[in-house]
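Below is one structure, written out as structure tokens, with a few remarks after it.
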Amino acid sequence: MRTAYSVETVRNAERELMARLPEGALMQRAAAGLAAACAEVLGRVAGRVYGSRVVLLVGSGDNGGDALYAGARLARRGAGVTAVPLTPERAHGGGLTALRRAAGRVAATASAGELIERADLVVDGIVGIGGRGGLRPEAVPLADAAARSRAAVLAVDLPSGVDADTGQVRGAAVRAELTVTFGAHKPGLLVDPAREYAGSVRLVDIGLPLPNDAAELEALQHADVARLLPVPGAESDKYRRGVVGIAAGSARYPGAAVLAVAGALRGGAGAVRYVGPAGDAVIARYPETLVSDQGPKRAGRVQAWVVGPGAGDDAGTVAEVLAAEVPVLIDADGLRLADAGAVRDRTAPTLMTPHAGEAAALLGVAREEVEGARLASARELARRYGATVLLKGSTTVVAGAEGGPVRVNPTGTSWLATAGSGDVLSGLAGSLLAAGLSARDAGSVAAYVHGLAGRFAAGGAPTGAHDVAEAIPGAWRDVARVG
């Protein structure tokens with residue numbers, strides 16, 4: 001599992017480690033890892049380190065020092081390295097000395113544009129993890145020049161101008177193709193919009209003593225998901241495997257019911273019961289579905305419900321499902337129709353799955369505010385409703401009802417931004433709830449498998465929600481092979 005830690009936790013760990021190490025040793029560890037990553041990039045873009053051209057954009061913090069010491073290592077290997085300190089009087093003195101001793105150069109910001117234009121690699125060491133807000137005005141032209149150039153851009157610890165703790169970008173920021181981060185991932189490297197600025201992320205282990213229970217974020221990997229996937233035992237029957245109820249669809253949106261059922265049938269539960277006005281469409285496509293038109297209370301035994309996809313204005317069905325004493329997933333129209341008090345009063349687990357627009361409506365804010373602060377928005381929804389919240393989007397995050405680390409899904413793809421994809425996800429997650437997973441695990445596993453299925457279905461080309469549902473078994477097998 002990949003974990004991310006807050007700036008405060010990382011800083012505390014750094015202080016604890018530095019107290020046990022010789023002065024400057026921790027920075028040398030970071031610089032060694034940074035120089036190795038730079039050398040790899042130079043090997044790709046310039047063919048070798050010797051004779052390549054490197055520009056260091058250096059701020060006044062420790063990551064400026066990291067960049068300078070790494071630059072000195074590259075200069076000793078024959079690279080032409082030039083540092084451009086934004087505030088020369090505050091630049092890291094030891095780093096500048098090391099660079100000059102290695103035959104590196106120091107240039108004024110006035111000549112930075114020309115240097116960047118001719119560079120093979122630009123190293124962003126302007127602002128460290130303690131930075132807040134966008135780039136300062138004097139740094140913006142340098143970031144713009146790097147973006148226009150043919151040079152590869154590598155960020156030290158995280159791209160300057162992004163918020164390490166929240167992933168927010170409140171102004172101009174550096175766009176990197178690779179970010180080399182030290183000791184631990186920072187939340188902003190895993191969550192959009194900041195993640196988009198970070199490019200690929202490489203973690204350099206510098207020996208930080210991080211507490212196991214202090215992670216802010218978790219990102220499941222194949223092995224983690226494989227351990228959570230429900231597997232039927234020798235004594236299993238369809239009821240022991242779990243039965244999921246789907247209360248979805250309407251005369252106007254029958255397809256939502258079909259797609260939610262499609263996701264549910266591939267999610268590990270033993271049976272799927274459908275309740276709603278789209279029974280004919282569902283049974284025509286999936287004859288194994290148990291269809292009822294008598295409402296949720298009379299549908300028969302279920303271990304979890306999914307309510308809301310394509311439901312229109314059927315508030316009665318939503319209220320009836322919320323009264324059930326089993327786990328409930330609320331999606332789409334159900335989010336709008338659900339009474340907040342009824343959700344908070346539930347004793348069984350509740351999983352809400354809004355996209356940014358739906359989350360914004362529930363929070364009473366603009367959609368852009370949710371998209372710019374995904375972690376805070378998911379946490380606030382979970383707090384207000386006493387529910388686990390899966391916030392869909394470019395970075396899907398899962399915030400637990402009881403707090404704790406937010407889970408970030410690493411498998412998403414922009415090809416999943418297609419009508420009906422969320423209905424498939426809801427059915428899949430509901431089936432996992434019925435199979436016995438917690439709301440947090442069901443949401444996280446469903447998002448992971450759904451994202452992988454989206455990649456498989458698309459294969460680099462447009463795809464539809466039905467194709468995503470069809471690709472779930474392949475994604476499931478791909479994950480299960482690791483277990």
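Tabulated data
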read-out: Unique residue being under 16 Å from LEU259 (Cβ atoms), touching a residue at least 12 places away in the same chain (Cβ under 8 Å) and in contact with a strand residue (DSSP E or B) (Cβ under 6 Å, 6 or more places away or on another chain) when the list is ALA429, ALA453, ALA387; value: ALA429
read-out: Number of the condition not met by ASP192 [criteria: (1) closer than 20 Å to VAL41 by Cβ; (2) outside any helix (DSSP H, G or I); (3) not β-branched (Val, Ile, Thr)]; value: (1)
read-out: Residue check, GLY412 open to solvent by 20 Å² or more (accessible area, probe 1.4 Å), at pLDDT below 95 and under 21 Å from ARG2 (Cβ atoms); value: yes
read-out: Selected residue [among the acidic types (Asp, Glu), open to solvent by 50 Å² or more (accessible area, probe 1.4 Å) and under 29 Å from the mean Cα position of the chain (by Cα)] from GLU216, GLU235; value: GLU216
read-out: From the options ASP124, ASP165, ASP144, residue that is within 15 Å of the chain's Cα centre (by Cα) and either in a strand (DSSP E or B) or not small (Gly, Ala, Ser) (or both); value: ASP165
read-out: Boolean, THR179 is surrounded by 18 or more Cβ atoms within 10 Å (Cβ to Cβ), in a loop (DSSP other than H, G, I, E, B) and not hydrophobic (A, V, I, L, M, F, W, C); value: no
read-out: Odd one out for TYR69, checked against (1) closer than 18 Å to ASP205 by Cα; (2) modelled with pLDDT under 95; (3) open to solvent by 30 Å² or more (accessible area, probe 1.4 Å); value: (2)
read-out: Condition met for SER292 (over 23 Å from LEU437 (Cα atoms), open to solvent by 10 Å² or more (accessible area, probe 1.4 Å) and in contact (Cβ under 8 Å) with a residue 60 or more places away in the chain); value: no
read-out: So LEU135, is it touching a Ser or Thr at 6+ places or on another chain (Cβ under 9 Å), open to solvent by 10 Å² or more (accessible area, probe 1.4 Å) and not charged (D, E, K, R); value: yes
read-out: Residue ID - surrounded by the fewest Cβ atoms within 10 Å (Cβ to Cβ), chosen from residues in the stretch 315-355 that are basic (Lys, Arg) and in contact with an Asp or Glu (Cβ under 9 Å, 6 or more places away or on another chain); value: ARG336
read-out: Flag for ALA401 being more than 24 Å from SER6 (Cα to Cα) and out of contact with any Cys (no Cβ under 8 Å at 6 or more places or on another chain); value: no
read-out: Test result for ALA75, modelled with pLDDT of 95 or more, in a helix (DSSP H, G or I), among the aliphatic types (A, V, I, L, M) and farther than 22 Å from SER200 by Cα; value: yes
read-out: Cβ-Cβ under 7 Å pairs, at least 6 apart or on other chains, the stretch 250-278 side touching a residue at least 12 places away in the same chain (Cβ under 8 Å), far side open to solvent by 30 Å² or more (accessible area, probe 1.4 Å) and aromatic (Phe, Trp, Tyr); value: GLY270/TYR239
read-out: Hits in the stretch 4-31 (condition: open to solvent by less than 40 Å² (accessible area, probe 1.4 Å) and either outside any loop (DSSP other than H, G, I, E, B) or of a type in the set (Lys, Arg) (or both)); value: ALA4, VAL7, THR9, VAL10, ALA13, GLU14, LEU17, ALA25, LEU26, MET27, ALA30, ALA31
read-out: The stretch 138-155 - residue that is closer than 21 Å to GLU89 by Cβ and hydrophobic (A, V, I, L, M, F, W, C) and, of those, surrounded by the most Cβ atoms within 10 Å (Cβ to Cβ); value: LEU142
read-out: Failed item, numbered, when GLY133 is tested on (1) part of a loop (DSSP other than H, G, I, E, B); (2) closer than 25 Å to ILE206 by Cα; (3) at pLDDT below 95; value: (2)
read-out: All positions within the stretch 238-266 that are modelled with pLDDT under 95 and open to solvent by less than 40 Å² (accessible area, probe 1.4 Å); value: GLY242, SER250
read-out: Scan of the stretch 459-470 for residues that are surrounded by fewer than 24 Cβ atoms within 10 Å (Cβ to Cβ) and modelled with pLDDT of 95 or more, ordered by number; value: GLY464, HIS466, ASP467, GLU470
read-out: Subset of the stretch 85-123 (residues that are of a type in the set (Asp, Glu) and open to solvent by less than 20 Å² (accessible area, probe 1.4 Å)); value: ASP120
read-out: Single match in GLU380, GLU368, GLU358 (criterion: closer than 30 Å to LEU190 by Cβ, without any contact (Cβ under 8 Å) to a residue 12 or more places away in the chain and either open to solvent by 20 Å² or more (accessible area, probe 1.4 Å) or part of a loop (DSSP other than H, G, I, E, B) (or both)); value: GLU368
read-out: Inter-residue pairs, beta-carbon under 7 Å, first open to solvent by less than 30 Å² (accessible area, probe 1.4 Å) and in the stretch 436-449, second aromatic (Phe, Trp, Tyr) and in a helix (DSSP H, G or I), 6+ apart; value: VAL449/TRP476
read-out: Residue within the stretch 444-463 that is more than 20 Å from the chain's Cα centre (by Cα) and not small (Gly, Ala, Ser) present; value: yes
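The values are calculated or read from the model by the stated rules, or taken from the named source; none is laboratory data. What you see is a predicted model, and the numbers here were worked out from it, not measured in a lab. Neighbour counts run over all protein chains shown; Cβ positions are idealised from the backbone, glycine included. We work out accessible area using only protein heavy atoms, side chains counted, and drop any ligands, DNA or RNA first. Shrake-Rupley method; radii C 1.70, N 1.55, O 1.52, S 1.80 Å.
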